[in-house]
Amino acid sequence: MKIAVVAPGSVPYTIGGAEKLWWGLVDHINSLTSYDAELVKLSSPERTFPELMASYRRFSELDLSGFDRIISTKYPAWMVDHPDHVVYMQHKLRGLYDAYHFCGKPKQLDPDS
């Protein structure tokens with residue numbers, strides 16, 4: 001079985017916990033099972049909303065038909081389309097819950113406004 005671990009590539013490139021998880025997951029699948037895993041990454045800039053939406057579109061259009069199973073881990077990679085797609089969710093878009101208020105936006109919106 002060929003497995004693709006699908007993930008976004010940060011722009012600019014950085015190494016953090018997410019990258020270490022992807023490498024470890026691929027390494028463990030390859031060394032501890034009879035399956036063949038590969039890390040598939042697309043550059044995913046997210047400096048602006050249009051860049052982020054373009055990344056979602058690129059993942060949704062990615063052809064992964066050469067793989068038997070897909071494991072996606074993080075936005076926007078979970079947009080891939082495949083009949084055997086598993087989401088190992090690390091976290092949602094942090095800008096929506098972690099840094100939104102730094103842009104001068106309210107933490108809550110008035111539902112009547």
Next on the checklist: Loop-only trypsin sites (Lys or Arg not before Pro) in region 10-57, please: DSSP not H, G, I, E or B, and at most 13 other Cβ atoms within 10 Å.
Outcome noted: 47
Item to check | Share, in percent, of DSSP beta bridges within region 1-83 that are antiparallel, nearest 5 | outcome: 0 percent
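Going through region 61-93, which trypsin sites (Lys or Arg not before Pro) have at most 15 other Cβ atoms within 10 Å and a DSSP loop state?
Details: sites: 69, 74, 92; in loops: 74, 92.
Sites meeting the loop and neighbour criteria: 92.
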Checklist entry - Quick one: net charge of residue 41's neighbours, Cβ under 12 Å, K/R +1, D/E -1? => result 0
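I need the GluC sites (Glu not before Pro) found in region 36-77, filtered to DSSP loop residues with at most 14 other beta carbons within 10 Å of theirs.
Working: sites: 38, 46, 51, 61; in loops: 46, 61.
Counting only loop positions with at most 14 other Cβ atoms within 10 Å, the GluC sites (Glu not before Pro) in region 36-77 are 61.
Laboratory data are not the source of any read-out in this text; all were calculated from the coordinates shown. Since the structure is predicted, the reported quantities are computational estimates derived from the model, not experimental observations. So basically every Cβ, Gly included, is an ideal-geometry build from the backbone, and we count neighbours across all protein chains shown.
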